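Only one structure is covered here, and it is reproduced in the block below.
The values are calculated or read from the model by the stated rules, or taken from the named source; none is laboratory data. For clarity, every value in this text was computed on a predicted model and none was experimentally measured. Neighbour counts run over all protein chains shown; Cβ positions are idealised from the backbone, glycine included. In case anyone asks, the SASA skips ligands and DNA or RNA and just uses the protein heavy atoms, side chains included. Shrake-Rupley method; radii C 1.70, N 1.55, O 1.52, S 1.80 Å.
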Amino acid sequence: MDEQEIYINIGKNIKTLREKYHLTQEKLAEKAGISLDYLGKIEVNINKPGLKTLIKIAKALNIHIKNLFEF
């Protein structure tokens, strides 16, 4: 698996988990302290989030960060 595939899968996992917990992109972005635009671009693999951002998203989803890497 190359770097591009990893980011694609992370974005898919974020979207799947967000929908599982019935959160809109707007609500998750607010809870994570990031912009709605940035979150949307992470989910569709336009932006590649750093570790700090992934930690914020995991905390906002109330999951362990490792769950974002399970694919």
*asked:* Which count do you get for residues in region 12-71 that are closer than 24 Å to ASP2 by Cβ, part of a helix (DSSP H, G or I) and touching a residue at least 40 places away in the same chain (Cβ under 8 Å)?
replied: 9
_Residue that is farthest from PHE71 (Cα to Cα) [pool: residues in region 1-59 that are within 11 Å of the chain's Cα centre (by Cα), among the polar types (S, T, N, Q) and open to solvent by 50 Å² or more (accessible area, probe 1.4 Å)]_ = GLN25
*Only one residue in LYS56, LYS27, LYS66 is in contact with a helix residue (DSSP H, G or I) (Cβ under 6 Å, 6 or more places away or on another chain) and modelled with pLDDT of 95 or more. Which one?*
LYS56
